[in-house]
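The values are calculated or read from the model by the stated rules, or taken from the named source; none is laboratory data. As the structure is a computational prediction, the values presented were derived from the model and not from experiment. No Cβ is skipped: glycine too gets one built from the backbone with ideal geometry, and neighbour counts run over all protein chains shown.
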């Protein structure tokens, strides 16, 4: 049994508030236990310079934590004058992950920016950001589809992410901060609704891990992500109906 | 009658959620209509270098908007690599305003940092940040007083802030974004519970204003701030009891 | 009587040297007592991107202090690599104030940049910068009017600024550095030749102030600004004749 | 058969020049085909602030490319004024990987900084940097061991890294730039001499991948890393003898 | 005859205003024709970290131009967020030149910072800054000598600087901006009162120059610097008496 | 005799490796004793904004040292976030020097960027960078001439650079780091194949120097540069044949 009473294969309490922001094309406040992330999707009818004139769209992401999202206050990156390596790594990951389930050609020459602002952090902020960003993105594309006649629906599949780790010899799903800081291995996995891997990032800085441990963690992740995608589907309802479906 | 149906002297709907953040010493989510600001107070048992060894404390503030707090998305200042002039002006104002009702000697050698993060903006974000920061500060000092025996309670009075302006010849209280962008004069006022002025900032860039208009705006502000302080008092309850009171 | 022998309602010695700079379209070295500011106006036949193609002009300002303008040397902002909050606040104020008396439509698609470089500081550098900038601007527009046939003269009124404060219970006009650092309230006021307010910024960080004190300071400021505008008129002579006058 | 004539399981030509730098405590010029990286290890008898007084050492890494290491010239990050996300991600990875095989307690209060400067890039610069850095680190610790009597030898195992990918349905080892840009999946793996995983980073941005593909890539990586570690052992000779061995 | 009526070997009009700044330990407004530089010397009873505890002092310089010192306005380096290469080159030159005639041991553990702010530029701003900085430095050390009993007077000689160039086959002394921009060679020379060279910097970017031209320019510079040092001596009067003299 | 056994007029061992980089249009690894610099020339079919549409080309240079090029490790300028004054000074010098022997009109609207990356430093890195950059530039222009029919060959002459100094009363050629740090005068000279001076930069910070010492150093430099240019000619072979020659 884990410190918060969960089983090894159990997700934390999942909650979403849809459209908490009155301006964004898509937005969601997602909670995985005490980790709370505000995700907004902004549609812009332009693409970055490197894509101009190619008829393709772009998906990008930015990630930030409020200074007091954590136990001790962190200095703002706007005051430091630059993004830290961790922030850059995470926002590159989020953007890459989401692009894997968007048909950029079908989207057309527009950019959707996902902003993930962590209001409170208790482990798993990057995976929660991905899971929440997917919902914000789906809402934005659904809204867009009401004015733009897409020949093909640009969202090709569902997408969610979860962390897994090994702690005292046990593989655990969805680590909270306390578990994460004690785990010997920490792995973040991103998968599609079809069950394919988009990202697998495992780190054994404290202690290298074996092939068997890797397999066990991957299985746990697959199971957890399956459940998250079911939850996304419920939350999106009508707005999720056309994901991955070709238009007749 | 105003576009949102309010009377000239009417405040927008005021709502506070106390302690939405599980780590901060004091926190509040404050809403004035569609303007929503997360304010957290962080207590640090250190003071900035210029105050070291003087037995005095310090109050400082930081202000930021989420990128999609507004109708069109704003670039993050962390990505620009520097704070804009507007941000600096606002956070200097918040810090200065709050220091006016704190006895820094009584606080002792500690710093309280107020973080004001605007989740959604519809005019009046700086005044709402001051009004909310006061609550977060009061909660933090109340909590601190349970472990630190203050010879004198460091919070000497209540404090709130509101905007006023002149639009089509009428003085209006608590402008929303639409009104603010059309107003010929825009004034932000900060006052104490005792009814004294802490800041008066009026700007007539579009059109200079007369002494009579100034007086009318100040009266409106006094009235509105009086109401806000009553609402703060209700919200704080027990935590606000010792404000301004000498300990026997 | 004040430390420098002045009466409460007395301005410091005012002096201006017109066109000290052989390149600028308008320039003035202004002195208020020991505060000395070099103000230059540069005319540029372009407007910032946000105004392009609208047929309107722009007025903007920059403010800086030489490192040894003050009693102890300050680090240059060029070496820090960024502007401080105080600098940004001041240059935003100067630009806003000057725009209030310029008809940007009449000016046409050109930008006038006011540079205010403080050679020596003894209190009131921001108000002196505004008063001096107005003169530099008037000279530049006068010079411009010799080559450009303005349908309407772009300068609609005079403009000056002064500080007032409360020290030991007395309202004082035009505070020097020593007075400014001891004053319980510090207020900067900007007014037009027609006697309207453009900016009113009062701060009672050390001690909040009453409505009566505010009124007394505003009266003092009105009187002082009236005298400054008379001095500007004298200094400008012929170059000030068309200010606020419609062309037949 | 691959474009450069290699088999799917074949490494590119591996070459190392030991101690090409006369100042560094350890240095190596490592070549994997046309990818050439200069790795130097600098020993500093200090630790970063967060480790002071704990009797532990630190390993950190920096990564950079010469502007013309690539087909088209890249702007220097020193001129941009900041490190890009890719650079940060890579240098965080290198440092983390190397720390996994160093006993920081045994190292004592000193920092070893690995500088990886890519002279020419043809794919796999991050994995080559890790493999080369290990050699530079081993040389530096060997040299250090001649003056410092380590109770335990601080290097606990060998470490190398390689990339694997899936291209046109085939899993390939050690991708060059051309292969890397066409691959549907790209994975970087870091392993120890004992055959444990330290990092597994697989990305399927272009196209998600299956569990079977993941397994095949991991096997290829294991095999390739085994060969690289044998090459490191040969190259280090005497200097590699005490790695992972307890001192009697 | 030159465009401004001077002979080839003639200096521009030289003028100095001593102590124009009421705070600085030493200050001078120096004019060479239309080039005007404000030089202040600030004494600080500290040395930079690399000199701590060695009983030696330090001399450093900073150089800047007001935005409208030139015919077209230049962007401030504080707004660009960094110093340009030209500024750095010039301030390094000024500091180096002045250190050559200061006995840092005799000065003791203090730093003197020379600030050279160009109010108006018409060629020769770096050489004028050196000539003026020497005067500000001499005034500051003279003032310091009234409270500090120097075993040896820290100023070991006079120092001045001038530019020379070759224009249409003629070597010219003290180039103004127009001449400077047409000259095929441009050389800046710094010399001591004793007639020794401190800096010789000749550049023939437009057209390389011969040994004979170099000799002719050096002679002109020697002559011009001799005259400048006589002018410095006159200006300093009593304050220059102990320069280069050992105390009995 | 010098510490490394050389005579006063003797150059260090000179070695060049041509085209060590497979991507650059021209590249050379140049060694002067233990100083090793990688120079690459990149041809870009564009010019900077200030030259657009004038039919002229541009030559520019960047200079950097690997962190461990020196005895103690230097912090990267990319991490500091800005270029130091020394770097800027050097890269401005390299660019200026090379432009003196390029006919920018003949080059046409293209930019050649010289990157000088110091792999190992033992004195004379800036002079070695100039001598090496010339070779890289000559290779790039030679290559360019195979596709572009130049009406006039853009390289008008050879160019090389060397340092000279005075140490214990003796003028020495080509100082290594140890000599450089002890020399009382340090001079860098750049000359053309025709024997004209392009740059003469002598600094006597530690001790001013006489006219006679200056003459002696210039003679030494002339002699050394003559030998370097012969070595460049040998190295370039066919690629150097058209330098300075008009096409029939």
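Points to keep in mind about this one:
- Of all residues in the stretch A:91-112, those satisfying the criterion of being crowded, with 21+ Cβ neighbours inside 10 Å and away from chain D (no Cβ under 14 Å) are A:107, A:112.
- Subset of the stretch B:203-213 (residues that are touching a residue at least 12 places away in the same chain (Cβ under 8 Å) and either more than 7 Å from every other protein chain (Cβ to nearest Cβ) or surrounded by fewer than 22 Cβ atoms within 10 Å (Cβ to Cβ) (or both)): B:206, B:207, B:213
- Applying the condition of being at the interface with another protein chain (Cβ under 7 Å from one of its Cβ atoms) and outside any helix (DSSP H, G or I) to the stretch F:75-90 and asking which residue is farthest from residue F:124 (Cα to Cα) yields F:81.
- Residue ranges of strands (runs of 3 or more DSSP E) in the stretch A:143-248 with at least 3 members under 30 Å from residue A:109 (Cβ atoms): A:159-167, A:185-192, A:197-203
- All positions within the stretch E:91-108 that are assigned to a loop (DSSP other than H, G, I, E, B) and touching a strand residue (DSSP E or B) at 6+ places or on another chain (Cβ under 9 Å): E:100, E:101, E:103
- The residue that is surrounded by the most Cβ atoms within 10 Å (Cβ to Cβ), counting only those in the stretch E:226-241 that are out of contact with any strand residue (DSSP E or B) (no Cβ under 7 Å at 6 or more places or on another chain) and closer than 17 Å to residue E:188 by Cα, is E:227.
- Checking the stated criteria, residue B:193 turns out not to satisfy the condition of being under 13 Å from residue B:172 (Cα atoms), within 14 Å of the chain's Cα centre (by Cα) and modelled with pLDDT of 95 or more.
- Applying the condition of being in contact with a strand residue (DSSP E or B) (Cβ under 7 Å, 6 or more places away or on another chain) and in contact (Cβ under 8 Å) with a residue 40 or more places away in the chain to the stretch B:178-188 and asking which residue is surrounded by the most Cβ atoms within 10 Å (Cβ to Cβ) yields B:188.
- Screening residue A:217 on (1) under 30 Å from residue D:163 (Cα atoms); (2) more than 14 Å from chain D (Cβ to nearest Cβ); (3) buried (at least 18 other Cβ atoms within 10 Å of the Cβ) shows it passes everything except condition (2).
- Residue match in the stretch A:139-160 (condition: within 14 Å of chain D (Cβ to nearest Cβ) and within 30 Å of residue B:22 (Cβ to Cβ)): yes
- Subset of the stretch A:113-122 (residues that are buried (at least 24 other Cβ atoms within 10 Å of the Cβ) and more than 21 Å from residue A:48 (Cα to Cα)): A:117, A:122
- Filtering the stretch A:26-35 to residues that are facing chain B (nearest Cβ under 9 Å) and either buried (at least 20 other Cβ atoms within 10 Å of the Cβ) or touching a helix residue (DSSP H, G or I) at 6+ places or on another chain (Cβ under 8 Å) (or both) leaves only A:27.
- Number of residues in the stretch C:10-42 that are within 23 Å of residue E:123 (Cα to Cα) and in a strand (DSSP E or B) equals 9.
- Counted residues, the stretch F:47-74 - those being surrounded by 12 or more Cβ atoms within 10 Å (Cβ to Cβ), touching a residue at least 40 places away in the same chain (Cβ under 8 Å), in contact with a strand residue (DSSP E or B) (Cβ under 9 Å, 6 or more places away or on another chain) and outside any helix (DSSP H, G or I): 12
- Test: residue B:107 is more than 12 Å from the chain's Cα centre (by Cα) and closer than 16 Å to residue B:66 by Cβ: no
- Against the test of being closer than 14 Å to residue F:199 by Cα and out of contact with any strand residue (DSSP E or B) (no Cβ under 7 Å at 6 or more places or on another chain), the options E:213, E:206, E:223, E:199 yield a single qualifying residue, E:206.
- Residue count for the stretch B:164-190 satisfying the condition of being within 14 Å of chain C (Cβ to nearest Cβ) and under 15 Å from the mean Cα position of the chain (by Cα): 5.
- Summed over the stretch C:113-127, residues that are farther than 23 Å from residue C:179 by Cα and within 8 Å of chain E (Cβ to nearest Cβ) total 2.
- Of all residues in the stretch F:1-23, those satisfying the criterion of being free of Cβ contacts under 8 Å to residues at least 60 places away in the same chain and surrounded by fewer than 17 Cβ atoms within 10 Å (Cβ to Cβ) are F:1, F:5, F:7, F:13, F:15, F:17, F:20, F:22.
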